[in-house]
Amino acid sequence: MIEIKINTEFIKLDSFLKFSGACSLGSEAKFFIKNGDVKVNGDIEIQRGKKLYNGDIVEFQGENYKIV
């Protein structure tokens, strides 16, 4: 599991995918989210503006990212 530290209260899902390096472009992140390829805490998430907080786990392309 890859731990990603954020310095704010929350981060939006599409921004997180870019920030963590999982996606290189915002449009790429939007595509994967809308396509149902991203899970948050075990559930498929299709809202790119979903707020993520400390402790949330994002699953994407075989990797798990934990927000710390």
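In this structure, the amide hydrogen of L52, modeled 1.01 Å from its nitrogen in the peptide plane, lies closer than 5 angstrom to those of I11, K12, L13, counting only residues at least 5 positions away or on a different chain. In order along segment 31-37, the phi-based Karplus estimate (6.51 cos²θ - 1.76 cosθ + 1.60, θ = phi - 60°) of 3J(HN,Hα) comes to 4, 5, 5, 5, 7, x, 8 Hz; Gly and Pro are listed as x. Computed on segment 2-67, with alpha-carbon pairs under 8 angstrom and 6+ residues apart, the relative contact order is 37 percent. Less than 5 angstrom separates the built amide H of C23 from those of K18, all sequence-distant by 5 or more or on a different chain. Select from the chain those chymotrypsin sites (Phe, Trp or Tyr not before Pro) which occupy a DSSP coil region and have at most 13 other Cβ atoms within 10 Å, ordered by residue number. Here the chymotrypsin sites (Phe, Trp or Tyr not before Pro) that fit, given the DSSP loop and packing criteria, are Y53. Here Rg/Rh (Cα atoms, Kirkwood Rh) was computed from the coordinates, and among [x] 1.18; [y] 0.90; [z] 1.43 the match is [y]. Pairs of Lys residues in the chain that lie 8 or more places apart, or on two chains, and have C-alpha atoms under 17 angstrom apart add up to 25.
Where a number appears in this text, it was derived from the coordinates with a stated rule and is not lab data. Keep in mind the model is a prediction, meaning the values are calculated, not measured. Please note: Cβ atoms are built from the backbone with ideal geometry, for glycine as well, and neighbour counts cover all protein chains shown.
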